[in-house]
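To keep things clear, I will list the structure first and then write my remarks on it.
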Amino acid sequence: NAGVTQTPKFRILKIGQSMTLQCTQDMNHNYMYWYRQDPGMGLKLIYYSVGAGITDKGEVPNGYNVSRSTTEDFPLRLELAAPSQTSVYFCASRVTGGGYNEQFFGPGTRLTVL
Amino acid sequence: AQSVAQPEDQVNVAEGNPLTVKCTYSVSGNPYLFWYVQYPNRGLQFLLKYITGDNLVKGSYGFEAEFNKSQTSFHLKKPSALVSDSALYFCAVRDDYNQGGKLIFGQGTELSVKP
């Protein structure tokens, strides 16, 4: 299994541009998450999904959108990039059935908005 | 509200010495606690978790953690540190009630192990 994969690894955007961060998992996990990590901070939840076709907002959803058309894929969309969105973005997934199952994380996407 | 705190931004240890990375938590209900490690420019890797049962939890790479209910702590430990253990360590608690069982993270502790 490849686990959780993310593309791209790095990206530089200009203010106002848009982009999609890709996330794919091959573990047949129903739950998927997008977090952002800012320096000196823990991770904050942006959006999450409990299964294909079902998504909901996390703690810091403003400026982002998601979709979940398949179990495997959970892309994150930035429509109008702003400097405040400069961060490292992590996708994660876990199995259903008890929230005590650990989340598996992708390698991250480092985004800079100039 | 659920929360975790890691009181130390950085921990420095000599190779071969025991290490402890501290974490305290605040939850309503049963605590589901996790430790993750992040190596430079990498994603988070799961180390261990506490769900219920034995207060001493063993995990990957020789790490263990001690759950203490009375002190609301979940400290990460290793008997003999390696230089390769140098990394950023995150304690996390599962939010039982909100947002798909999201993890709430501490701010992280940078562990530096010197030869």
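Please treat every number below as a calculation from the coordinates, not as lab data. Keep in mind it's a predicted model, so treat the numbers as computed, not measured. Because the Cβ atoms are built from the backbone with ideal geometry, glycine has one as well, and the counts that use them run over all protein chains shown.
A straight Cα-to-Cα reach below 22 Å connects A:LYS9 with the lysines A:LYS44, residues fewer than 8 places away in its own chain not being considered. Efficiency by 1/(1 + (r/R0)^6): what FRET value for B:LYS58 and A:ILE54, r their Cβ-Cβ distance, R0 = 45 Å, to the nearest 0.05? Efficiency computed from Cβ-Cβ geometry: 0.80.
Remark: relative contact order (the stretch A:47-113) = 23 percent; criterion is Cα-Cα distance under 8 angstrom and separation of 6 or more residues.
Here B:LYS114 is the anchor, and the lysines within straight C-alpha reach of less than 18 Å, apart from those fewer than 8 places off in the same chain, are B:LYS77, B:LYS78.
Please rank A:THR112, B:THR109, fewest neighbouring Cβ atoms within 10 Å first, as an exposure proxy.
Lowest to highest Cβ neighbour count: A:THR112, B:THR109.
Scaling against 2.2 N^0.38 Å puts the C-alpha radius of gyration of the protein assembly as shown at 1.01. Across peptide A:100-109, the average count of Cβ atoms from other chains found within 10 Å of a residue's Cβ is 6.
With neighbours defined as other Cβ atoms within 10 Å of a residue's Cβ, the residues A:SER87, B:SER73 order from fewest to most as B:SER73, A:SER87. For A:ARG11, A:ARG77, the sequence from fewest to most other C-beta atoms within 10 Å is A:ARG77, A:ARG11. Projecting the Cα atoms of B:VAL83, B:TYR61, B:ASN17 onto the dipole axis of chain B, where Lys and Arg carry +1 and Asp and Glu carry -1 at the beta carbon, places B:TYR61 farthest toward the positive end. Might you report the magnitude of the Cβ-based charge dipole of chain B about its Cα centre, with Lys and Arg at +1 and Asp and Glu at -1, to the nearest 20 debye? For this selection, approximately 140 debye. The stretch B:58-115 and the stretch B:1-38 have Cα centres separated by 4 Å.
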